[in-house]
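The values are calculated or read from the model by the stated rules, or taken from the named source; none is laboratory data. Keep in mind the model is a prediction, meaning the values are calculated, not measured. Here the Cβ is made from the backbone with ideal geometry for all residues, glycine too, and neighbour counts use every protein chain on show. When the accessible area is computed, the model is the full protein with side chains, heavy atoms only, and any ligands, DNA or RNA have been set aside. Shrake-Rupley method; radii C 1.70, N 1.55, O 1.52, S 1.80 Å.
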Amino acid sequence: MGQVIRSHDDTWTRAEDASAIGALRRSAVVLAERRGFDEEDAGRVAVAVSEAASNLVKHAVEGTMLIRPHPEMASAIEVVAADRGPGMRDISRALRDGYSTAGTLGIGLGGIARMASGYEVHSMPGRGTVLGMYFTARDAPRPSGRVSGVRRPIGEEIACGDAFAAVDTGAAVTVMLCDGLGHGSLAAHASQEAVRLFLEYPDLAPVGTLERIHLGLGQTRGGAVAVARIDRTAATVSFAGLGNVSAWIAHQDGRQGMISVPGIAGHQARTLRQYEYAVPPHSVVVLHSDGLSERWDITSYPGLVTRAPSVIATTLLRDAGTRRDDACVVTVRPGT
């Protein structure tokens, strides 16, 4: 089938006071130990997470952190920190030894970069920073960094009604996003059922997979569903969508929308259709639910399309996401 990537139960933790630093560090260490990290490797995770959380608490606005198994490799740990703080004008300066934000552990972003197995940062003055990093046990394989997604439930809900999954064969990656109708546990059930059905039929053309999901969601609330297959060799994307999942090919000069037909998977649909699009070099494919506004402008984020999929997805969730609905965004880097 290829490598399977799927949504986790993402928990975004607010970093608003000093107590959050210890809580986030402990969560990261527990996850590292469960993934078989030894004491030294778990210590790297603890120090980097403590430093990133300390920066959020002391200097960020609306700072949050996500700690989870890496979507592409369950044995690795992914940490994403996002804020609406002052941002950094010169990331290269922040990476130099000896440069640190006052009041932190003192290792700065450069120290975090050395502690992590991999990291990427996107920051803009006045708009905030997103830091994505991952950790593997020493000498372990590293994730490819080609597919990622993040999600967040409405308000203070625990269950998120949006979900995604992807299958990456190397030559192509097929991704599905479902926005379950409404929110809460019933919406979550519909989206998880869509994930199950998608993983049963990932080798069909996107329109065939979408049809199977539509037929299979009849006993659920249903939802909006989109399926995209990015062919890395041909530099094309085949897309089929039903309902209001937004799909885009984004690049540094703008974005192109992909067409979905109106309806609700599992309940009502016009004739399903599949569309083909060219993928320009250095593009990313973005799918998101209507928990994100469509008004984001990729050209207002210089350099963002070159960052890791998790950093792109989190930046869009931070700036275009709404607390009035479940939200999910998936990004795919077509390049090998």
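Descriptive notes on the structure:
- Annotation: Ile249 fulfils all but one of (1) part of a strand (DSSP E or B); (2) within 20 Å of the chain's Cα centre (by Cα); (3) in contact (Cβ under 8 Å) with a residue 40 or more places away in the chain; the unmet one is (3).
- Residue within region 266-281 that is crowded, with 24+ Cβ neighbours inside 10 Å, part of a loop (DSSP other than H, G, I, E, B) and on the phi < 0 side of the Ramachandran plot present: no
Residues are listed down the side, and each one gets a yes or a no for (1) surrounded by fewer than 22 Cβ atoms within 10 Å (Cβ to Cβ); (2) at pLDDT 95 or above:
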{"residue": "Ser7", "(1), (2)": "no, no"}
{"residue": "Glu16", "(1), (2)": "yes, no"}
{"residue": "Arg25", "(1), (2)": "yes, yes"}
{"residue": "Val30", "(1), (2)": "yes, yes"}
{"residue": "Phe37", "(1), (2)": "no, yes"}
{"residue": "Ala42", "(1), (2)": "yes, yes"}
{"residue": "Ala46", "(1), (2)": "yes, yes"}
{"residue": "Gly63", "(1), (2)": "no, no"}
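- In region 112-160, the residues that are of a type in the set (Phe, Trp, Tyr) and closer than 23 Å to Val245 by Cβ: none
- Only residues that are small (Gly, Ala, Ser), in contact (Cβ under 8 Å) with a residue 24 or more places away in the chain and open to solvent by 10 Å² or more (accessible area, probe 1.4 Å) were counted in region 225-244, giving 3.
- Of all residues making up region 174-226, the number that are under 24 Å from Arg324 (Cβ atoms) and of a type in the set (Ser, Thr, Tyr): 3
- Screening region 117-200 for strands (runs of 3 or more DSSP E) wholly inside it with 2 or more residues that are open to solvent by 50 Å² or more (accessible area, probe 1.4 Å) and in contact with a helix residue (DSSP H, G or I) (Cβ under 7 Å, 6 or more places away or on another chain) returns the ranges 118-124.
- Search result, residues across region 1-37 that are part of a strand (DSSP E or B) and in contact with an Asp or Glu (Cβ under 7 Å, 6 or more places away or on another chain): Gln3, Ile5
- Answer from Ser260, Ser310, Ser289 - the residue that is surrounded by 24 or more Cβ atoms within 10 Å (Cβ to Cβ), under 23 Å from Val207 (Cβ atoms) and touching a strand residue (DSSP E or B) at 6+ places or on another chain (Cβ under 9 Å): Ser289
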